[in-house]
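What follows is a set of notes on a single structure, which appears directly below.
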Amino acid sequence: MKYFPLIVANLGRHKIRTTLTILSVIAALFLFASLRSVLTTLRTNAQFGGARRLVTLNATGLVFTMPVSYANKIKSLRGVHSVSWANWFGGRYGDGKVFFGQFAIDPESYLAMYPEVVMPAEQKEAFIRERTAALIGRRLAERYGWKIGQDVTLQGTIFPGDWTFTIRGIYTPTNPAIGDDAMFFHWDYLDERVGRWGQAGWFIVEMDSAGAAGTVAKAIDDQFRNSSTATKTGTEQAFQASFAGMLGNLSLLLGFIGTAVVFAILLVTANAMMMSANERTGEVAILKTIGYSDRTLFGLVLAEAGLIAIVGSVLGLGIAKAFYPLVKFNGFGFLPGFNVTAATMAWGALIAVVLMIASGLVPALRAARMPIIQALRKVE
Amino acid sequence: MIPIVYNARSMMQRPVSSSFTAVGIALVVAVFIAMLALGQGFRAALARTGSDQNAVVLRKGADSELSSGISRETARLLASSPHIATGADGRPMVSPEVYALIPLPRPRDTTSVANVVVRGVSEQVWTVRHHLQVIAGNKPQSGRLEVCVGRKLLGRFEHLEIGGTLRFGGRDWNVVCHFSAGGSSFESEIWAENEQVMPVFRGEFFQSVTFRLTDPGVFDDAKRAIESDPQTQVDVHRESTFYAAQAGIAGAMLSALAIAVTSIMAVGAIFGAVNTMYAAVGSRTPEIAVLLTLGFRPWQVMLSFLAEAVLIATAGAIVGALLALPVNGLVTSTTNWSSFSEIAFSFRITPLLLAIGIAFGVVMGVIGGFFPAWRAARLQVVQALR
């Protein structure tokens, strides 16, 4: 520890160089933390899903609907506790450009099934009571300045025309994977306006116990196998994961970029360390002459590299950790609950250590091994 | 002028630090080009999908084929529009189409499925759309459950070889041909006859009607005439702009990602270049003094050091461009969120993209070399010679 002032003094000699090197380490670790967080957020969200919840879809594909009368048939099956359903609405807001997720739901059963969607009791009641009421996420309320009691008009793309809803509730999700930028309204209202077509986009099935997923799912699909519309039932988690899968091999790409970034910065740092060691050949000789051991010199140079790596990584990771919640980043709505996890910070720290060893090792070894005579020759 | 050989030789004097800096820049340029190539490929796939000479009709207010619906009656009315070109067989060049998504299991990962477009087309479609070519087999025959598979799907899903059987919509379909479509997103689709597909999907509705205009110039007239007809309630889009607009969110995200990542990386690499050049200036202080004593002007010294930085950066940028080249043509896939379908596309490196990448590298060199060169030019001869 007594050498600490010496290390700091050495770093302070080339203030610009030290600053720039630290800044590039900051840039690298910030980028690393950001890219890895995209992946971890995707993975976390893909794993979202109540253990007791199943999702039933039309077997033909995601975009096809099913008769809502299926709900009663599913409910009567063994092991099923309750059933709810929803439709994707796909409306636009404002000048027709703004888009966010809107769902037509059966209010009472849906909210009972999703305790993760939280709002004050009186708002919940008001939303359930009124046919044209809407429930919106906190982020939507903040983004557009919407207040409770306000009317909002959407332009339907799947269901043509102007649709006006009155905001009666603002929810906050307890699980970030749900997203705080969705809007819910009454399925019944949608059904009535499109002429009682009686179709549901998907059913959410709550089971009596989590263990029976396989048998309940099979029982549901068997029930409708030979009807006009066959179904496909799976866990809610599999349903969520299928959306994450739609991004394709993004993870491979991000991993590749992350590696390139870290490697590029490694070069920059190693370069700076070698330059500063080279310039100090003479000093090393003098230190050796006055009795510094090879090991101490080795440690000194390595510690210098380490200090740069530590300061840079603490700042880089810290900025990433603080920055994203500050701007409430959610990746255009694709990455709800975007978060720099502890594991990411740990990986970042590990990279910093490797960075330190890799960039300091060669100069440190050279300083330790350098014969005094040869080194002194350079001192004129 | 100080000869450039001086700079080249100086670089050789410091092979390690020069090459580290160059490789740092090379990596940034490589990532920059690769990421732009990804966005470019995605947009190109969609932009090429449409033609100027075609029009797409959707239900009023619908922003994608997925959310649209057009009745048989409306389709019949549209087909009689005077702006539609007539084919060699004397029939109007129009294709009322059914559009649906089906889940296809991925061969290697059975837990996940991809949403693939099934398009029901008319017989005329092969002349209405440009660049279509059956590359193997024969076109589906009218009245049969036969499909033609886009080239980009091959190898990514099973049972797509000619003679294979594909099950969707509760029926078995024979694969009778493969087609190419000039690299467009149609190559990620499965085509069948519209009348066969309609009953198994969403009932008596088409999703869109595409027709060939008699001339690209009559689009505005056609649009006005059709949209003003109270019987139809539709929007008319030019096919080229319609599909280009479908790149929407996904295209914007890819570009945003490319810019965010490379600009942060570039900052790191520029700092590296600044470090190298400061060190170069620092270790050559006596040389600079000699140059100034010999009568070179300070701005000439500055230019010389700037040239050195640019030389390193250019070398790095060229290496980076070469590193990025192998990704050209690499096929990847993502979901097009406007239509919810998965489309495959190739990384596309154009000469322009390479030039932009190299220019980006050179600019990093200029920025990185500027302040060190400035310092070199302002050295006091007397002090430096000490």
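The values are calculated or read from the model by the stated rules, or taken from the named source; none is laboratory data. Remember, it's a predicted structure, so these values are computed and weren't measured experimentally. Every residue, glycine among them, receives a Cβ derived from its backbone with ideal geometry; neighbour counts consider all protein chains shown. Keep in mind that these areas ignore ligands, DNA and RNA; they rest on the heavy atoms of the full protein, side chains included. Shrake-Rupley method; radii C 1.70, N 1.55, O 1.52, S 1.80 Å.
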With respect to A:ALA241, is the statement that it is touching a residue at least 60 places away in the same chain (Cβ under 8 Å), out of contact with any Lys or Arg (no Cβ under 8 Å at 6 or more places or on another chain) and within 24 Å of B:SER17 (Cβ to Cβ) true?
-> no
Any residue at all in the stretch A:199-213 that is closer than 15 Å to A:MET66 by Cβ and within 11 Å of another protein chain (Cβ to nearest Cβ)?
-> yes
Determine whether the stretch B:30-51 contains at least one residue that is open to solvent by 50 Å² or more (accessible area, probe 1.4 Å), out of contact with any Asp or Glu (no Cβ under 8 Å at 6 or more places or on another chain), within 14 Å of another protein chain (Cβ to nearest Cβ) and not aromatic (Phe, Trp, Tyr).
-> no
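Just a yes or no: is a residue in the stretch B:55-74 in a loop (DSSP other than H, G, I, E, B), away from every other protein chain (no Cβ under 11 Å) and in contact (Cβ under 8 Å) with a residue 24 or more places away in the chain?
There is no residue in the stretch B:55-74 that is in a loop (DSSP other than H, G, I, E, B), away from every other protein chain (no Cβ under 11 Å) and in contact (Cβ under 8 Å) with a residue 24 or more places away in the chain.
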Note on A:ILE257: of the conditions (1) part of a helix (DSSP H, G or I); (2) under 30 Å from B:VAL200 (Cβ atoms), unmet is (2)
Can you spot a residue in the stretch B:218-236 that is open to solvent by 40 Å² or more (accessible area, probe 1.4 Å) and closer than 17 Å to B:GLY50 by Cβ?
-> yes
Please identify the pairs in which a residue from the stretch A:33-53 that is surrounded by 21 or more Cβ atoms within 10 Å (Cβ to Cβ) has its Cβ atom under 7 Å from the Cβ atom of a residue that is in a loop (DSSP other than H, G, I, E, B) and of a type in the set (Phe, Trp, Tyr), counting only partners at least 6 apart or on another chain.
-> A:SER37/A:PHE338; A:THR41/A:PHE338
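Kindly indicate whether B:THR314 is in contact with a helix residue (DSSP H, G or I) (Cβ under 8 Å, 6 or more places away or on another chain), in contact (Cβ under 8 Å) with a residue 24 or more places away in the chain and in a strand (DSSP E or B). Spell out the reasoning first.
Numbers: in contact with a helix residue (DSSP H, G or I) (Cβ under 8 Å, 6 or more places away or on another chain): yes; in contact (Cβ under 8 Å) with a residue 24 or more places away in the chain: yes; in a strand (DSSP E or B): no.
Spelling it out, it is not the case that B:THR314 is in contact with a helix residue (DSSP H, G or I) (Cβ under 8 Å, 6 or more places away or on another chain), in contact (Cβ under 8 Å) with a residue 24 or more places away in the chain and in a strand (DSSP E or B).
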Selection from the stretch A:89-127 of residues open to solvent by 50 Å² or more (accessible area, probe 1.4 Å) and either within 14 Å of chain B (Cβ to nearest Cβ) or aliphatic (A, V, I, L, M) (or both) yields A:ARG92, A:TYR93, A:ASP95, A:LYS97, A:PHE99, A:ALA112, A:VAL118, A:ALA121
Checked pairs for the stretch B:267-286, first surrounded by 23 or more Cβ atoms within 10 Å (Cβ to Cβ), second part of a loop (DSSP other than H, G, I, E, B), C-beta under 7 Å and 6 or more apart or across chains, list as B:ALA280/B:ARG14
Which of the following residues is more than 14 Å from every other protein chain (Cβ to nearest Cβ), open to solvent by less than 30 Å² (accessible area, probe 1.4 Å) and in a helix (DSSP H, G or I): B:SER18, B:SER81, B:SER10?
-> B:SER10
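Quick check on this structure: which one of A:SER24, A:SER84 is at the interface with chain B (Cβ under 9 Å from one of its Cβ atoms) and surrounded by 22 or more Cβ atoms within 10 Å (Cβ to Cβ)? Spell out the reasoning first.
On the way: A:SER84 fails: at the interface with chain B (Cβ under 9 Å from one of its Cβ atoms).
Just a single option satisfies the conditions, and that option is A:SER24.
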Name, by its number, the condition in (1) in contact with a strand residue (DSSP E or B) (Cβ under 8 Å, 6 or more places away or on another chain); (2) under 30 Å from A:VAL38 (Cα atoms); (3) of a type in the set (Val, Ile, Thr) that does not hold for A:VAL216.
-> (2)
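How many residues are at positive phi and crowded, with 17+ Cβ neighbours inside 10 Å if we restrict to the stretch B:171-191? If you could, list the steps in order and put the result at the bottom.
Start the filter on the stretch B:171-191 by keeping residues that are at positive phi, which leaves B:182-183.
Narrowing the set further to residues that are crowded, with 17+ Cβ neighbours inside 10 Å leaves B:183.
The total comes to 1.
Of the residues B:LEU325, B:LEU291, B:LEU257, only one is at pLDDT below 85 and either under 30 Å from B:SER341 (Cα atoms) or open to solvent by less than 30 Å² (accessible area, probe 1.4 Å) (or both); which?
Numbers: B:LEU325 fails: at pLDDT below 85; B:LEU291 fails: at pLDDT below 85.
So the residue among B:LEU325, B:LEU291, B:LEU257 that is at pLDDT below 85 and either under 30 Å from B:SER341 (Cα atoms) or open to solvent by less than 30 Å² (accessible area, probe 1.4 Å) (or both) is B:LEU257.
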Those residues of the stretch B:328-369 which are surrounded by fewer than 17 Cβ atoms within 10 Å (Cβ to Cβ), at pLDDT below 85 and of a type in the set (Gly, Ala, Ser) amount to B:GLY329
Are any of the residues in the stretch A:313-330 of a type outside the set (Phe, Trp, Tyr), within 14 Å of chain B (Cβ to nearest Cβ), open to solvent by 50 Å² or more (accessible area, probe 1.4 Å) and farther than 29 Å from A:LEU6 by Cα?
-> yes
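Evaluate the stretch A:217-228: report whether one residue or more is of a type in the set (Phe, Trp, Tyr), out of contact with any Cys (no Cβ under 7 Å at 6 or more places or on another chain) and more than 14 Å from chain B (Cβ to nearest Cβ). Please lay out each step first, then the result.
Within the stretch A:217-228, the subset of a type in the set (Phe, Trp, Tyr) is A:224.
Subset that is out of contact with any Cys (no Cβ under 7 Å at 6 or more places or on another chain): A:224.
Now restrict to residues that are more than 14 Å from chain B (Cβ to nearest Cβ): none.
Among the residues of the stretch A:217-228, not one is of a type in the set (Phe, Trp, Tyr), out of contact with any Cys (no Cβ under 7 Å at 6 or more places or on another chain) and more than 14 Å from chain B (Cβ to nearest Cβ), which makes the answer no.
Here is a yes/no grid of residues against (1) farther than 30 Å from A:PHE334 by Cβ; (2) away from every other protein chain (no Cβ under 14 Å):
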site: B:GLN196; (1), (2): yes, yes
site: B:SER208; (1), (2): no, no
site: B:LEU213; (1), (2): yes, yes
site: B:ILE226; (1), (2): yes, yes
site: B:GLN233; (1), (2): yes, no
site: B:ALA252; (1), (2): no, no
What residue, among those in the stretch A:60-81 that are open to solvent by 40 Å² or more (accessible area, probe 1.4 Å) and more than 27 Å from A:TRP163 (Cα to Cα), is nearest to the other protein chains (Cβ to nearest Cβ)?
-> A:LYS73
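Per-residue answers, yes or no, for (1) in contact with a Lys or Arg (Cβ under 9 Å, 6 or more places away or on another chain); (2) open to solvent by less than 20 Å² (accessible area, probe 1.4 Å); (3) over 17 Å from A:LEU20 (Cβ atoms):
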{"residue": "A:ILE257", "(1), (2), (3)": "no, yes, yes"}
{"residue": "A:ALA260", "(1), (2), (3)": "no, yes, yes"}
{"residue": "A:THR269", "(1), (2), (3)": "no, yes, no"}
{"residue": "A:ALA272", "(1), (2), (3)": "yes, yes, no"}
{"residue": "A:ARG280", "(1), (2), (3)": "yes, no, yes"}
{"residue": "A:ALA285", "(1), (2), (3)": "yes, yes, yes"}
{"residue": "A:SER293", "(1), (2), (3)": "no, no, yes"}
{"residue": "A:LEU297", "(1), (2), (3)": "yes, yes, yes"}
Does A:ASP180 satisfy the criteria of being acidic (Asp, Glu) and free of Cβ contacts under 8 Å to residues at least 24 places away in the same chain?
-> no
